[in-house]
Structure formats: structure tokens, C-alpha cells
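First up is the structure itself, then whatever we jot down about it.
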Amino acid sequence: MSTATSPNGTQPKQSFTSAASVYVNERTSLAGFVKELGRKAFPDHWSFLLGEVALFSFVVVLITGTFLTFFFQASMAEVHYDGSYVPLKGVEMSVAMASTLDISFDVRGGLFVRQMHHWAALLFIAGIGLHMLRIFFTGAFRKPRELNWVVGFVMFILAMGEGFTGYSLPDDLLSGNGLRIIDGMIKGMPLIGTWTSFLLFGGEFPGTAIVGRLYTLHILLLPALLVALVAIHLLYVVVHKHTQYAAPGKTQLNAVGPPILPTYAAKAGGFFFIVFGVLALIASFFTINPIWNYGPYDPSPVSAGTQPDWYIGFADGALRLIPPGWEFVWLDRTWSFNILVPLIVLGGFIVMVLIYPFIEAWVTGDKREHHIADRPRNNPTRTAIGAAGVTFYAGLWAAASSDILATHFSLTMEGVIHALQATVIVGPFIAYFIAKRVCIALQKKDREIVLHGFESGRIVKLPGGEFIEVHQPLDEYDRWKLVSYDSYQPLMLRPNARGKITVGQRVRAAVSRWFFEDRIAPVTRAELEAAHALHHAPAPAGELEAAQSSQH
Amino acid sequence: MAQDDHSGAELAAADSSHAAHDSVASPGTALITTDGFENPGFPPHRPRVTDEDPKRAKRAQRTVYTLFYLSILGSVWAVAAYMLFPIEGNDVDAVRLNNMFIGLGATLALFGIGFGAVHWAKSVMVDVELADERHPVGGSPETRAAAAQVFADADRESGFSRRSVIRNSLIGALIAFPLPAVVLFRGFAPQDQNPVELLNHTMWKQGTRLALDPSGAPIKASDVTIGSAFHVIPEGLADLEHGKLEEKAKAAVLLMRLEPSELNELPERASWSYDGIVAYSKICTHVGCPVALYEQHTHHLLCPCHQSQFDVANHCEVIFGPAKRPLPQLPIAVDDEGYLVAQSDFTEPVGPSFWERN
């Protein structure tokens with residue numbers, strides 16, 4: 001933007017690029033954005049790529065999906081298939097199914113794009129899930145980022161909705177059975193169930209409306225919401241600046257990393273192409289959702305060992321784990337607790353995920369901004385809660401494959417279900433306990449290393465015949481990573497201004513005790529000095545000379 | 001190096017108070033130690049091999065442009081594959097080759113750009129780290145005061161707080177105006193149908209012959225040998241003009257013949273079977289999947305979706321899994337020509353439970 005019109009109106013000779021940038025800037029004020037954002041420091045860490053995986057696979061989903069819309073016809077009108085796939089020639093099916101077969105068998109590259117779309121959708125949701133785990137375990141949801149956690153959470157739900165609506169579009173046997181299950185679950189809901197199902201399917205299941213309706217959701221409503229939320233999500237990242245891990249020089253008051261232009265842009269832009277390339281590679285070699293093997297939807301046949309897409313597994317598994325008999329007729333109405341309990345439990349689970357940042361903020365009472373992401377070990381209770389949640393989810397997820405587990409490992413169906421029921425109920429407690437102990441043990445190890453140095457691998461024989469391993473003290477940069485974390489003490493119960501101890505305070509104190517009573521505090525300077533003094537004190541002159549010279 | 005602009009001492013001082021601008025914010029139950037370590041500031045910069053060795057730097061540059069050239073090659077390859085591997089003549093192999101070679105070309109094109117750009121950034125571009133200052137997200141006190149003033153001015157000028165009748169009537173109107181849109185959603189389902197009525201009945205009625213799924217050929221009782229199982233639809237289903245799948249979704253039946261001695265029938269249903277032949281709804285009472293897997297020697301039916309198991313010998317009661325109710329039984333008989341027919345419709349709604357079912 002250094003070029004300017006000279007006073008007499010003649011322009012100095014300028015390159016095309018600078019002419020173009022002047023043209024654009026004078027119409028868009030782009031220079032301001034570039035000045036503001038172009039040299040922003042962007043903290044760098046491999047775990048920050050998980051969100052990018054999600055974002056970039058979403059872009060791939062949008063690109064490939066747009067191509068598919070030019071060929072797919074969302075109609076449930078009956079036709080006799082007349083495409084290239086011989087085994088299904090003449091079979092009656094919906095136009096949706098026939099057009100999906102045409103994309104796969106009659107459009108050059110159509111199968112490639114369709115497979116890339118499906119794989120990208122699977123990776124999109126997996127990317128979001130892993131990104132959320134990273135955010136959770138490092139406490140990156142703390143003030144000021146709580147609302148961005150909520151935005152991300154909503155995107156996770158919408159992404160699963162996108163996945164399921166897309167999965168249902170080809171109107172094949174597998175997806176039709178998926179819809180049948182959804183229909184059965186909706187019908188099981190009290191009061192509104194029957195009518196909701198009737199309205200959704202435009203009459204009786206399966207009807208002729210559902211594919212068209214899901215298509216509108218799939219290519220219009222849900223993507224529009226997702227794109228808007230992605231924009232908000234990234235805007236928040238600009239407003240908050242990215243978190244960073246504790247490291248020398250990095251503070252709550254700075255954001256350290258390579259500049260957006262050029263390094264970060266090149267890395268992130270390159271990474272987009274790598275994610276795209278990985279998806280293209282998978283789509284070139286690995287079949288996904290071979291609807292031609294399943295055939296068109298028919299309410300009567302079904303094959304054994306059917307599996308939903310991975311992200312629906314936890315819900316399907318929850319349905320499978322309900323013991324027999326959880327349904328009652330009461331007040332002349334049917335109460336299907338075999339449907340309601342999974343819905344309520346899963347609903348409760350995801351609401352807990354949604355509100356966790358607010359719970360933790362309430363427990364700690366910490367109103368400061370946090371821009372340094374935690375190491376998971378330094379908040380053992382949070383990490384343990386996360387481990388319990390992951391175990392719960394994993395148990396449900398495994399249950400969606402209970403029949404396959406049983407056949408592959410020659411187990412009884414009943415045995416697998418009972419084992420997974422136990423996993424879902426007891427597993428989280430075990431995982432909580434183990435994760436918490438591991439975190440505390442790791443914290444103790446960190447303290448040990450800070451206080452006494454790390455094992456150098458150098459063995460020294462003392463004059464008395466004793467062998468010792470020389471411990472090498474940390475330099476101040478390495479030490480900083482191990483000592484710079486927040487430690488909280490349990491909340492003390494104190495009467496409020498009116499001399500009362502409220503129930504809320506009692507609960508908060510109890511939760512706070514649960515969170516922080518067995519905390520490990522970071523090493524202080526006094527402790528380190530004391531530890532050093534200890535090393536010096538008992539050593540008679542000369543005896544530890546070799547060890548000391550390398551230690552201090 | 002931008003980081004050199006910040007002395008380590010400055011950064012450390014800022015950190016020891018957690019966040020200077022945040023000093024008013026409560027730390028809650030966080031332990032504020034006065035004896036913590038100080039942030040040592042940025043460690044010395046470590047040059048990369050490409051910074052120190054001109055040969056390595058040259059090689060990195062060559063790698064980058066080679067990758068970009070490979071990408072162009074990949075794109076050309078994908079275009080060529082589109083033409084060289086057509087899909088012709090009902091050949092599944094051609095589809096596979098078309099998919100694979102277009103895909104490989106595209107992969108090379110994408111990887112070339114991706115790895116080239118990342119390698120450029122990591123090995124060739126100047127290795128610089130910047131440190132940006134963070135500011136409180138809430139903005140400065142002046143900004144907040146100015147924003148509050150804007151709202152105060154807007155409120156004063158509009159009378160939003162003062163003119164409560166105007167304000168409340170607007171809120172009322174805003175609540176009411178989406179209601180017509182909600183009502184429009186009633187049009188999602190036909191106006192002249194009652195779902196409960198529909199769910200209570202199927203196509204079966206007295207005298208409807210049991211026919212094979214999918215051929216529609218009627219079944220003679222004499223064709224049903226002991227131990228066999230048939231997938232059954234009502235005769236005439238295939239001839240329906242409309243609603244074929246809707247009817248099938250309710251009327252699908254499994255027909256099995258057991259040794260009469262193994263069949264433990266309820267007394268009131270003694271006349272519902274014929275010579276050990278029984279017919280049960282195929283639609284699972286859990287969430288409606290077809291209960292399509294029959295294990296002959298145990299007489300168990302298994303739903304492949306959620307593993308509910310039903311015991312055919314004991315009027316299809318649930319022996320495992322999340323389903324509650326037995327599969328409804330279709331009362332059958334034999335007509336004059338020896339074909340199996342239904343005595344009536346099912347005596348209860350088939351398929352998944354619903355609220356109004358009782």
C-alpha cells in the first residue's frame with residue numbers, strides 16, 4: 001500500500017500486484033485487516049491441529065457435497081433400476097437410491113467423490129471429538145472461552161445431525177433400518193411420540209417424504225448453521241487469541257508463535273491440502289457404505305452384523321444395554337423406559353459436557369482469564385472426570401458392536417452385553433480412580449525432578465564403595481514448564497454477610513473438597529533451596545566431589 | 001527476531017502477578033504463592049540445520065519446488081485417468097480402476113501442495129516467533145463506560161424503560177408472531193389420517209392368504225416342513241397402488257413350523273396355529289427392526305439391530321434384550337385349497353410401542 005498518486009496526477013509505474021492491492025484496498029479497507037491480523041502471533045502445538053482437522057474436513061465435505069448435489073435426486077418415487085450395476089438391474093427402488101447408484105457406477109469419478117464425502121464426514125466428527133477432548137483435558141474452556149466451548153459443542157451435535165441425515169439419503173436397506181430405529185425411538189417418547197413420528201415421516205413410516213425432508217436439512221439448514229457457527233467459533237479465536245502451553249517466555253499476557261503471514265498461513269494452508277489428500281487417498285482405496293451390497297430399503301429383510309456410522313454407535317449401544325422388561329402400561333398409556341432411559345441418560349451426559357466449564361468455574365470461583373493451557377496432570381480431578389466420561393462413552397460405543405464382538409471372539413451375546421453393562425456403570429469409577437492416581441503420581445514425579453534433578457545415567461562409585469547415580473538439575477527453562485501451574489485449595493465454609501451458611505455454599509465446598517483436597521502444589525523457591533541444602537549438608541568434605549561438580 | 005524486543009525480566013514480572021490487568025479479578029480458591037519461580041523469559045533461539053548449512057537450505061528449497069511440480073503431475077495424471085479409465089459396459093472392475101487412478105492423481109496433487117507448503121514454512125521461511133500482547137477481553141474501562149452510555153442514550157431517546165406499555169405490547173407481539181409458523185408444521189402429515197388408528201391395523205384380514213416375500217406366491221400348509229421358516233407378506237401386497245412399504249412395514253410375518261409337542265401354546269390361542277405352524281409379526285416390539293434371524297434348533301428369533309431374542313416355542317416371549325412385549329401372533333388357518341390364510345388381523349398393534357398403545 002506504499003504507492004500513492006503523485007500530486008500532479010501521474011502515477012509512478014507500479015507492478016500489477018501493487019496496483020491490484022491498491023484497487024482492492026480502496027474499495028474494501030482491507031489494509032486495516034491485514035495490518036491488524038497479518039502479523040498476529042499464532043501459538044503452535046501439534047494438539048492445536050485437531051481443530052484444524054475438523055475444520056478442513058468440513059471444507060472437504062462442503063466441496064464434495066456440492067458436487068454430489070448435481071447428481072443426487074432426493075425423491076422416493078419408485079423406479080426400476082436401469083444402470084450399470086448388473087445385480088440390481090430391474091430391481092424396484094427409489095429415485096434416491098437409483099441416483100446414488102448412478103453416482104457410484106455411471107459417473108466417472110463419482111464414486112471417488114462420494115467416498116471422499118463420506119470419509120470426510122466421518123473424519124469431521126472424529127476431529128471435533130478429539131478437539132473437544134484436547135480442550136477439555138487442557139482446561140482451554142476456562143474464562144474467557146466458556147461460550148466458545150458451547151459453540152463448539154453445538155457444532156458437534158449439528159455435525160452428528162449432518163452425518164445421520166446424509167447417511168439416510170441413499171434410501172438403502174441399511175439407512176432405512178437406521179430410520180426405522182429412529183422412528184421406533186420417537187414413537188416411544190411419551191405424549192408427543194406418535195404424532196412426532198407421523199409429522200416427521202409425513203404419515204406412516206416410511207412414507208415418501210422423509211428423504212426429501214432430510215435432504216433439505218442436510219444441504220441447506222444444517223450446513224448454513226454450521227458455517228455460521230464456524231465463523232463465530234473462529235471469530236472468538238481472534239478475539240481471545242489462541243491459548244498456549246506453559247513454556248519459558250509465555251505468559252498470561254502474551255501470545256507467542258510464528259506470525260500468521262507467512263509462516264502460519266503456509267503451515268495451515270498446507271495442512272488443509274494434507275487433510276484433503278489423506279481423504280482422497282482413503283477414498284481411492286477403501287470402500288465406504290457400499291449400498292449396492294445392501295439393496296434398496298424394504299421393511300422386511302435385514303442382514304446380521306449391521307453397524308451404524310461410528311458417531312451414532314454410542315446411542316445405538318445405549319439402546320442395546322437396556323435389560324428386558326423396561327416398559328409399562330400405566331394410566332392407560334405405554335411408558336417405554338427401554339427408550340426413555342437411554343434418551344435421558346445420553347441427554348444428561350451431553351448436558352454435563354455442555355455445562356462442565358460453568359461447573360468448574362463455580363467450584364474454583366476463579367474469575368481471572370486463563371490463556372495458558374493446563375497439562376492434564378496438573379488438574380487431576382478434571383482429568384479423572386474426563387477419563388470417566390470417555391470410558392462411559394467407550395462402553396456405549398462398544399455396545400453398538402456387541403453382536404460383532406460376540407461372533408469375532410466366540411463369546412455369548414448375553415455375556416458381551418452383561419460385561420458392557422458393567423463397563424458402563426462401574427468402568428467410569430475405575431477410570432476416574434486410575435486417572436486421578438496417575439495424574440498425582442506424575443505430579444509427584446515432576447516435583448521430584450524439579451527438586452532433585454533428572455537421572456543422568458552416570459553412575460559414580462563413592463570412596464566408601466557406594467554407587468550413586470548422578471542427578472542432573474534442570475535448567476531454569478525446563479524447570480519453568482514443571483512449576484508454572486495453578487494450584488487451588490478446597491473452599492473453606494464461612495458464613496456469609498448475614499451470618500448464614502447456605503446450602504449452595506455447602507454443596508460448593510463439598511465439590512471443591514472433592515476437586516482439590518489431594519492436590520500437589522508446585523515447587524516453590526524455598527523448597528528448591530531446601531532440597532539443594534539437603535544435598536550439600538550431609539556430604540563430608542571431598543566425598544561427593546564428583547557428584548557435586550556435575551550437579552551444581 | 002521479534003522476541004528479542006521483550007526482555008525476559010519484563011515477561012517474568014508480568015507473569016508473577018498472574019495477569020497484571022486482571023489483578024481485580026478474583027482468583028477464587030487459587031493459591032497465590034509469593035514464593036513461586038519467575039518466568040525465565042524466552043530461551044535462546046536455536047537455529048535450524050537449514051539456517052546453518054547452506055547445502056541443507058538449498059536441498060530444502062529443491063524439495064519444496066519438487067513437491068509443487070509433483071502436484072502438477074498429479075493433477076495431470078487425474079485428468080488423464082478420467083479419460084484413460086472410462087466406466088463402460090456394466091463393468092465393476094472399470095469402476096474400481098476409474099476410482100483408484102483418479103483418486104491417486106488427486107491425492108498426489110493435494111499432497112504435493114500440502115507437504116510442499118508445510119516444508120517451505122518449516123525449513124525455508126525465516127524462523128521467527130512473535131509475542132503479541134494480550135488485552136482483557138472485556139475491553140478497557142473507558143470502552144465499557146462508552147458502551148453503557150450508548151445503551152443509556154438509546155433507552156432515554158426511545159423510552160424503552162419508561163414507556164412500559166409500548167415495550168410490553170411489543171414483547172407480546174414478538175412472542176405471538178411465530179405461532180402461525182408453528183401451526184403450519186401441522187401440514188407435515190396428512191390432515192385426514194389418525195396415526196393411532198393406522199398403527200392399530202394392518203393389511204391382514206380374515207381369509208388373506210399368506211404369501212412368500214418377495215415373490216407373493218401363496219403358501220400351502222403342506223409345503224411348510226418341520227423346522228422351516230418362511231418370510232411372509234399378505235397376498236396382494238405387491239398389487240397395491242400406494243403404500244406398499246407402509247403396509248409391509250406393519251404386515252411382515254415370519255412363519256415357522258415346530259414339532260407340535262415342542263410348541264407351548266397359550267390356551268386362548270390354541271386355535272391360532274395349524275399343525276405346529278405358527279405366524280408371528282416380524283417387526284420387533286423394541287424399535288421396529290425386522291426380527292429376521294431364526295435359530296432352528298433353539299426356536300429363538302433374534303433381532304439383529306439390538307439383539308432382542310424371542311422364544312417361538314413360548315409364544316414369542318422376550319428372553320433377552322431391550323424389547324418388552326412378545327411378538328404379536330397372527331392367527332392362521334387353512335382354506336379349502338390347502339393354502340394358509342389369516343383368521344383375522346393381528347389382535348394388537350404390531351411393531352414398536354407408542355404412547356397411545358394400551
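Surrounded by fewer than 23 Cβ atoms within 10 Å (Cβ to Cβ), more than 7 Å from chain B (Cβ to nearest Cβ) and closer than 21 Å to A:Gly395 by Cα: is that true of A:Pro308 in this structure? Full working, then the answer.
Details: surrounded by fewer than 23 Cβ atoms within 10 Å (Cβ to Cβ): yes; more than 7 Å from chain B (Cβ to nearest Cβ): yes; closer than 21 Å to A:Gly395 by Cα: yes.
When the stated conditions are applied, A:Pro308 passes them.
State all residues of the range B:171-210 that are away from every other protein chain (no Cβ under 14 Å) and surrounded by 12 or more Cβ atoms within 10 Å (Cβ to Cβ); if no residue qualifies, say none. Even if it seems obvious, please write down each step before you answer.
Here is the first cut: in the range B:171-210, the residues away from every other protein chain (no Cβ under 14 Å) are B:171-181, B:204-209.
Matches in the range B:171-210: B:Trp204, B:Lys205, B:Gly207, B:Thr208, B:Arg209.
For B:Leu302, only one of the following conditions fails: (1) modelled with pLDDT of 95 or more; (2) surrounded by fewer than 24 Cβ atoms within 10 Å (Cβ to Cβ). What is its number?
Answer for B:Leu302: the failing condition is (1).
Only one of these conditions is not met by B:Glu348: (1) touching a residue at least 40 places away in the same chain (Cβ under 8 Å); (2) charged (D, E, K, R); (3) surrounded by fewer than 18 Cβ atoms within 10 Å (Cβ to Cβ). Which number is it?
Failed condition: (1).
Test B:Ala146 against the criterion of being out of contact with any Pro (no Cβ under 9 Å at 6 or more places or on another chain), closer than 30 Å to A:Lys143 by Cα, more than 10 Å from chain A (Cβ to nearest Cβ) and not in a strand (DSSP E or B), and give yes or no.
Numbers: out of contact with any Pro (no Cβ under 9 Å at 6 or more places or on another chain): yes; closer than 30 Å to A:Lys143 by Cα: yes; more than 10 Å from chain A (Cβ to nearest Cβ): yes; not in a strand (DSSP E or B): yes.
Yes; evaluated as a whole, the condition is true for this residue.
Among the numbered criteria (1) more than 14 Å from every other protein chain (Cβ to nearest Cβ); (2) closer than 30 Å to B:Ala323 by Cα; (3) hydroxyl-bearing (Ser, Thr, Tyr), which single criterion is violated by A:Tyr356?
Against the list (1) more than 14 Å from every other protein chain (Cβ to nearest Cβ); (2) closer than 30 Å to B:Ala323 by Cα; (3) hydroxyl-bearing (Ser, Thr, Tyr), A:Tyr356 comes up short only on (2).
Enumerate the pairs (first residue in the range A:44-57 and closer than 25 Å to A:Ala247 by Cβ; second residue anywhere and in a helix (DSSP H, G or I) and of a type in the set (Asp, Glu)) with beta-carbon separation below 6 Å, excluding pairs fewer than 6 apart on the same chain, so at least 6 apart or on different chains.
Here the result reads none, with nothing in the range A:44-57 linked to a residue that is in a helix (DSSP H, G or I) and of a type in the set (Asp, Glu).
Do the conditions hold for A:Gly184, that is, is it in contact with a Gly (Cβ under 6 Å, 6 or more places away or on another chain), crowded, with 24+ Cβ neighbours inside 10 Å and farther than 30 Å from A:Phe71 by Cα? Outline the logic, then answer.
Working: in contact with a Gly (Cβ under 6 Å, 6 or more places away or on another chain): yes; crowded, with 24+ Cβ neighbours inside 10 Å: yes; farther than 30 Å from A:Phe71 by Cα: yes.
Yes.
Can you pull out the residues in the range A:293-305 that are at the interface with chain B (Cβ under 9 Å from one of its Cβ atoms) and either closer than 26 Å to B:Lys244 by Cα or not in a loop (DSSP other than H, G, I, E, B) (or both)? Working first, answer last.
Here is the first cut: in the range A:293-305, the residues at the interface with chain B (Cβ under 9 Å from one of its Cβ atoms) are A:297-305.
Passing the criteria: A:Tyr297, A:Asp298, A:Pro299, A:Ser300, A:Pro301, A:Val302, A:Ser303, A:Ala304.
Hey, can you tell me all the residues within the range B:25-56 that are more than 29 Å from A:Asp475 (Cβ to Cβ) and more than 46 Å from the chain's Cα centre (by Cα)?
The answer is B:Pro54, B:Lys55.
Given the conditions (1) facing chain B (nearest Cβ under 7 Å); (2) surrounded by fewer than 21 Cβ atoms within 10 Å (Cβ to Cβ); (3) under 25 Å from the mean Cα position of the chain (by Cα), report the number of the one that A:Ala283 does not fulfil.
A:Ala283 satisfies all of (1) facing chain B (nearest Cβ under 7 Å); (2) surrounded by fewer than 21 Cβ atoms within 10 Å (Cβ to Cβ); (3) under 25 Å from the mean Cα position of the chain (by Cα) except (2).
Which of the helices (runs of 4 or more DSSP H) found entirely inside the range A:1-77 contain at least 3 residues meeting this: β-branched (Val, Ile, Thr), closer than 30 Å to A:Phe112 by Cβ and at pLDDT 95 or above? Full working, then the answer.
On the way: elements: A:16-28, A:30-37, A:49-69.
Of the helices (runs of 4 or more DSSP H) lying wholly inside the range A:1-77, those with at least 3 residues that are β-branched (Val, Ile, Thr), closer than 30 Å to A:Phe112 by Cβ and at pLDDT 95 or above span A:49-69.
From the list A:Lys445, A:Lys436, pick out the single residue that is within 30 Å of A:Gln472 (Cα to Cα) and without any contact (Cβ under 8 Å) to a residue 24 or more places away in the chain. Outline the logic, then answer.
On the way: A:Lys436 fails: without any contact (Cβ under 8 Å) to a residue 24 or more places away in the chain.
Unique residue meeting the criteria: A:Lys445.
Can you find a residue in the range A:107-117 that is buried (at least 22 other Cβ atoms within 10 Å of the Cβ), of a type in the set (Lys, Arg) and not assigned by TED's automatic domain parsing to the domain that holds A:Leu222?
The answer is yes, given that some residue of the range A:107-117 is buried (at least 22 other Cβ atoms within 10 Å of the Cβ), of a type in the set (Lys, Arg) and not assigned by TED's automatic domain parsing to the domain that holds A:Leu222.
Select from the range A:243-259 the residues that are surrounded by fewer than 21 Cβ atoms within 10 Å (Cβ to Cβ) and either without any contact (Cβ under 8 Å) to a residue 24 or more places away in the chain or under 24 Å from the mean Cα position of the chain (by Cα) (or both) and list them in ascending order.
Matches in the range A:243-259: A:Tyr245, A:Ala246.
Could you grab me the full set of residues in the range A:165-181 that are more than 7 Å from every other protein chain (Cβ to nearest Cβ), crowded, with 22+ Cβ neighbours inside 10 Å and either in contact with a Cys (Cβ under 8 Å, 6 or more places away or on another chain) or not aliphatic (A, V, I, L, M) (or both)?
Across the range A:165-181, the qualifying residues are A:Gly166, A:Tyr167, A:Ser168, A:Pro170, A:Asp171, A:Asp172, A:Ser175, A:Gly176, A:Gly178.
Give the residues of the range B:290-339 that are within 33 Å of the chain's Cα centre (by Cα) and of a type in the set (Phe, Trp, Tyr), sorted by residue number.
B:Tyr294, B:Phe310, B:Phe320, listed by residue number.
Check whether at least one residue in the range A:197-207 is closer than 21 Å to A:Asp298 by Cβ, in a helix (DSSP H, G or I) and at pLDDT 95 or above, and report yes or no. Walk me through it before giving the result.
Residues of the range A:197-207 closer than 21 Å to A:Asp298 by Cβ: A:197, A:200-207.
Imposing the further condition that a residue be in a helix (DSSP H, G or I) reduces the set to A:197, A:200.
Going one step further and asking which of them are at pLDDT 95 or above, we end up with A:197, A:200.
Looking for residues that are closer than 21 Å to A:Asp298 by Cβ, in a helix (DSSP H, G or I) and at pLDDT 95 or above, one finds at least one in the range A:197-207, hence yes.
Given the condition at negative phi, outside the structural domain of B:Gly105 (by TED's automatic domain parsing), surrounded by 15 or more Cβ atoms within 10 Å (Cβ to Cβ) and in contact (Cβ under 8 Å) with a residue 24 or more places away in the chain, answer yes or no: does some residue in the range B:21-33 qualify?
Checking the range B:21-33: at least one residue is at negative phi, outside the structural domain of B:Gly105 (by TED's automatic domain parsing), surrounded by 15 or more Cβ atoms within 10 Å (Cβ to Cβ) and in contact (Cβ under 8 Å) with a residue 24 or more places away in the chain.
What is the one condition in (1) assigned by TED's automatic domain parsing to the domain that holds B:Gly216; (2) hydroxyl-bearing (Ser, Thr, Tyr); (3) in contact (Cβ under 8 Å) with a residue 24 or more places away in the chain that B:Thr298 does not satisfy?
(3)
Which numbered condition trips up B:Pro136, out of (1) in contact with a His (Cβ under 8 Å, 6 or more places away or on another chain); (2) more than 9 Å from chain A (Cβ to nearest Cβ)?
(2)
Quick check on A:Met116: is it under 23 Å from the mean Cα position of the chain (by Cα), within 13 Å of another protein chain (Cβ to nearest Cβ) and not in a loop (DSSP other than H, G, I, E, B)? Full working, then the answer.
Details: under 23 Å from the mean Cα position of the chain (by Cα): yes; within 13 Å of another protein chain (Cβ to nearest Cβ): yes; not in a loop (DSSP other than H, G, I, E, B): yes.
Considered against the rule, which asks whether it is under 23 Å from the mean Cα position of the chain (by Cα), within 13 Å of another protein chain (Cβ to nearest Cβ) and not in a loop (DSSP other than H, G, I, E, B), A:Met116 comes out as yes.
Checking the structure you have, find out if any residue of the range A:322-340 is more than 7 Å from every other protein chain (Cβ to nearest Cβ) and within 22 Å of the chain's Cα centre (by Cα).
No, the range A:322-340 contains no residue that is more than 7 Å from every other protein chain (Cβ to nearest Cβ) and within 22 Å of the chain's Cα centre (by Cα).
Restrict the check to the range A:451-463 and report whether at least one residue is within 14 Å of another protein chain (Cβ to nearest Cβ), out of contact with any Lys or Arg (no Cβ under 7 Å at 6 or more places or on another chain) and surrounded by 11 or more Cβ atoms within 10 Å (Cβ to Cβ).
Yes.
Mind checking whether some residue in the range A:344-354 is in contact with a Lys or Arg (Cβ under 9 Å, 6 or more places away or on another chain) and either touching a residue at least 40 places away in the same chain (Cβ under 8 Å) or not assigned by TED's automatic domain parsing to the domain that holds A:Gly188 (or both)?
Keep residues of the range A:344-354 that are in contact with a Lys or Arg (Cβ under 9 Å, 6 or more places away or on another chain), which gives none.
No - not one qualifying residue is present in the range A:344-354.
In the range A:198-221, what residues are crowded, with 20+ Cβ neighbours inside 10 Å and more than 10 Å from every other protein chain (Cβ to nearest Cβ)?
A:Ile210, A:Val211, A:Leu214, A:Tyr215, A:His218, A:Ile219
Could you grab the pairs with beta carbons closer than 6 Å, sequence gap of 6+ or different chains, first residue in the range B:241-269 and in a loop (DSSP other than H, G, I, E, B), second one at pLDDT below 95 and of a type in the set (S, T, N, Q)?
B:Ala252/A:Ser300; B:Asn264/B:Asn314
The values are calculated or read from the model by the stated rules, or taken from the named source; none is laboratory data. What you see is a predicted model; the values in this text were computed from it and never measured. Positions of Cβ are generated from backbone atoms using ideal geometry, with glycine treated the same way; all protein chains shown enter the neighbour counts.
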